[in-house]
Amino acid sequence: MTTTVASANVAAAPPPAAGRTRDRWQFWGRMLVLPYVLVFLVFVLYPVGYGLWLARHPSSYVRLFDDPIFFRSVINTLIFLIVAINLKMMVALLLSGFFVQQRWWIKILSLIFILPWALPSIPTILSVRFMLNPEWGVINSVIFRLSGADGPNWLNHPPLALGFAMLMHIWKSLPFWTLILIAGRLAIPHEQYEAASVDGATTWQKFRFITWPSMRTLYVTSLILSMIWTLGDFNSVYLLTGGGPADLTHVLATLGIRYLRLDEVDLSMAAIVVALPLVLPLVYFMMKRLSK
Amino acid sequence: MRWKAVATEAKLLLIGIPLFLWTIIPVYHLFLFAISPRDSATSGKLWPDHPTLQNFAIVFQRKHFYLDHFWVQLWNSVLIAVAVAAITLLIATSAAFAISRLKVRGGRTVLNLALFTYFIPAAFLAVPMYKTMGNYGLLNSQWALILAMVTIASPYCIWVLKQASDKLPWELDEAARMDGASPLQLFRLVYLPLMVPSLVAVGTYALLLAWNEYLYAFLLLSNDTSTTLAVALGNFLSADDSPWELLMATGLIYALPPAAIYYAFKRYMVGGLTAGAVKS
Amino acid sequence: MASVSFRDVAKSFGHTKVIHGIGFDIADGEFTVLVGPSGCGKSTLLRMLAGLEEISGGTIAIDGKVVNDIESKDRDIAMVFQSYALYPHMTVADNMGFSLRLRRADPALTAQRVAQAAKILNLDSYLHRYPRELSGGQRQRVAMGRAIVRDPKVFLFDEPLSNLDAKLRVAMRAEIKALHQRLKTTTVYVTHDQVEAMTMADKIVVMQDGRIEQIGSPLELYDRPTNLFVAQFIGSPAMNVVSGTLRHQGPQAWVEGDGGARWPVAADAPGSDGQAVTYGVRPEHLSLAGPDASVQAEVIVVEPTGAETELLVQVGSSQIVLVLHGRSTVQPGDKVGLAVETGAVHLFDPASGRSLAAPSPVSRAA
């Protein structure tokens, strides 16, 4: 059978030069990739290994499970993950359709929309924290002026506090994921929608038969990745509620730090290790998707 | 037909207006607080009766003990952010070039390992990182934070740069090789100039990441004079009667550079950073 | 002296062998064209000569020195790529002088060589422009200028005209040919376009499936193709080909095709009576004849090109192309007779494709 020679003029990249010269290029390749490899070994591999080693005492886990705060944290984390992430991604999907509309005011809005992501967490989260202050925060002041009654002590009710932490997280990370999904939407050829219009499709049908099939992979990948990163969102909870009231809104991310500050390093690592069963399946799915 | 157009606009506005409010309120509130004098900051009005820049003056003159080291800390933030951006650029560009253009053996593996870093939630990596830095004797040295942030920023930067590199035509490398270029000459004279937009995007990303970082700075730098402005802001929370309006003013100062930089380099950011998201 | 020789050169990608033991020589100053359909291996062969692909087997020598293990930049060759491969961030002058700059040559010398090359190629006024500001033809010239500045022993061209429109291609062909006549550098040129091969080459190497089909001067290949592939590949419009049986009856010989057509053959044509053959005749060796000609046809399409008229006619189940000088009054649907210049007829063995008149295959690699 005749073979098609992959001429280098076509997209595929040819292997580097002939013979001995290849070694020279490989040598430099290794030299140039070395700095990162060193960084990885020293600051990722070693800490991870060391952390796992610190978490080796079974007694840590016993103490961990005895701590009621721990279970509360796990549940909070799960709620955070399931509710916040899905809500966020669905809104991002909706907004990705919104922002591709051509309007002058939408363009301006898209510039403003990026702010939560571009701005640092501390000022903005603290700003919200102050808005929620029961005595002098803006929200309660407005409620008082409108109804004469005192507004609730927002951050003192664990469910409300956790809810606001989730809202804060969504506020901060929504722009990033919306951008990603917008890129996904823009990759869909315009002609497909035009053909569908001619065929008489409604907006919902266009979404179901054109948009969603094209975006599905990106959406799910983003969802999984977002879950992994949200597990590590320290700022939203810590800066808003501090884990309170009474350590009731801790998530696993803040719990680890809490133990650290109490000088209970092994408990801290144990908490993180226990979180692994949450993380690893997600990582597994991610690797599978990325290798496709 | 007109009624349909109106309905569409109405639907869009129905999304747009709440979105605008949702986005801007925390930011506006921050701004509001910063320009309000102490007493009326907490009044709950939409615009202060007596807007003032007094708070900023107090911050700049360090007239409160929380702000003793404001300038030093601001400088630290700048220094660390720039260092992180520079070092990350250096490391990531070299690695991306080696993996994408030189096709170094094991390049794919290195890339996968790098991305693996992101599969460890940052807060989880923080604790072992803290202990590790202690072991290395780097705690309270700014290098600890710089290197930690470089570690966290690099994988994404390498990924983005590699995707962008793959788009450069292969004939350029071949032509350069035929012209007699050594690997380093290829890197310096052909590759780097053509990668400038991506480099800007990636450098800005690393800069902002380092500037905005709280947790790692908080853990790794406890000394008031060596820590960043972010941590200093967090310290305000330790007391109940802290001068909140000063905090917000400082916060606003702290928040301005990233916003400015992002908007200045917006052109590079969006294209560069989402390049890896969609593989055509 | 810059000769090039290929000895038993082979190439495999993994387990797939794409070039099978190719050997031939190129003399100093010769303009050699490697031509063939896509996938025949011509570009791969060129790239092996350039040092951009590893040589799996055999040797390639430039000027008598084997270059298998020598890096591209030390082979003293220069290459013009299909997509020009100009450095987008450098001016025309910088592009052309890049190789000298890499060797840390004296800037004055570099400028002088660049100016010289620019003069030859009429690029003087473009030296400070960037590639994106140039047209396709201008970019092509810059690519050539880059090669000229190197002053190499061998020029390599990898389908350089493929990205240009038809008119520009014709103009550039002449320019490249003129350049070669002026510089007299050994040139190896790869193309899939046989017209380019015919007009530019001193010697043509026709390739298919990683093997050489025939080597020879353009007219040699045109007039004496040694196999059916070369016969049909070279020449445009392509040679007409009909299957039939050879008949020798006394002094007369013909080939019986389907539909009762008797295709005339020279009396001394090779082959025996009753032998199955493939009959080949070029469009320009056919003309119109009367109703008593031994081949009758029906006109399907008439294509006047101004100086000539192309006719597409039906003979039995085959479609035959004729090229007539000047104008014709023939209309589609007309029944015409065909006359053949029997001296220009080619007979091929249907199984192997080899010409019955060809000598033993000296040029065909195993």
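Things worth noting here:
- Order of B:Glu245, B:Glu171 under a 10 Å beta carbon neighbour criterion, fewest first: B:Glu171, B:Glu245
- Interchain or long-range residues, amide H under 5 Å from C:Glu308's placed H: C:Gly326
- Take each residue of peptide C:77-89, count the partner chain Cβ atoms within 10 Å of its Cβ, and average: the result is 5.
- Under Karplus coefficients 6.51, -1.76 and 1.60, residue-wise ³J(HN,Hα) of the range C:240-245 in Hz, glycine/proline x: 7, 10, 9, 8, x, 10
- Put simply, when C:208-215, C:320-327 are sorted by average Cβ atoms within 10 angstrom per residue, most first, you get C:208-215, C:320-327.
- Sorting C:Arg262, C:Arg139, A:Arg208 from the fewest to the most surrounding beta carbons within 10 angstrom yields A:Arg208, C:Arg262, C:Arg139.
- Anchor B:Lys167: lysines whose Cα lies under 25 Å away (excluding residues fewer than 8 positions away in-chain): A:Lys288, A:Lys292, B:Lys103, B:Lys266, B:Lys279, C:Lys73
- Dimensionless Rg/Rh of the protein assembly as shown - Kirkwood Rh, Rg from C-alpha atoms: 1.12
- Calculation over all alpha carbon pairs of chain B in 10 angstrom steps from 0 returns a P(r) of 6, 22, 26, 22, 15, 8, 2, 0 percent.
- For a straight C-alpha distance cut-off of 17 angstrom, the lysines reachable from C:Lys167 (same-chain residues fewer than eight places away being disregarded) are C:Lys177.
- Residues C:Ile62, C:Ile19 arranged by fewest to most Cβ contacts within 10 Å: C:Ile62, C:Ile19
- 13 Å cut-off, amide nitrogen to a point 7 angstrom out along B:Ala264 Cα→Cβ, residues in the range B:72-86: B:82
- Reduced Cα scattering model of chain A, Debye log10 I(q)/I(0), q = 0.11, 0.16, 0.17 Å⁻¹: -0.91, -1.30, -1.36
- Spatially proximal lysines relative to A:Lys206 (Cα-Cα < 19 Å; intrachain offsets below 8 disregarded): B:Lys4, B:Lys11
- Scaled to the globular estimate 2.2 N^0.38 Å, the Cα spread of the range C:219-366, given as radius of gyration, is 1.05.
- Inter-chain Cβ neighbour average for residues A:233-244, partner chain, 10 Å: 3
- Across peptide B:179-191, the mean count of Cβ atoms from other chains lying within 10 Å of each residue's own Cβ comes to 6.
- Local electrostatic count, C:Val242, Cβ distance below 12 Å [Lys/Arg +1, Asp/Glu -1]: -1
- Burial order of peptide ranges A:242-250, B:213-221 (average beta-carbon count within 10 Å, highest first): B:213-221, A:242-250
- Largest-first ellipsoid semi-axes for the range B:124-218, taking √(5λ) over the Cα gyration tensor eigenvalues, angstrom: 36, 14, 11
- As a length-normalised measure over Cα pairs under 8 Å and 6 or more apart, the relative contact order of chain B settles at 30 percent.
- Alpha carbon Rg of chain C, scaled by the compact-globule rule 2.2 N^0.38 Å: 1.18
- Between C:Asp8 and C:Asp258, the modelled labels are 4.6 nm apart [label points 7 Å from Cα along Cα→Cβ].
- Most tightly packed first, judged by the mean number of other beta-carbon atoms within 10 Å of their residues, the peptides B:222-229, B:150-157 read B:150-157, B:222-229.
- Taking only the alpha carbons of the range C:9-53, we obtain Rg and Dmax values of 11.4, 36 Å in that order.
- Projected-area mean, the range B:2-59, by convex hull of Cα positions, square nanometres: 5.4 nm²
We did not get these values from a lab; they are worked out from the coordinates using the rules stated. What you see is a predicted model, and the numbers here were worked out from it, not measured in a lab. Reconstructed Cβ throughout: ideal geometry from the backbone, glycine too, with neighbour counts over all protein chains shown.
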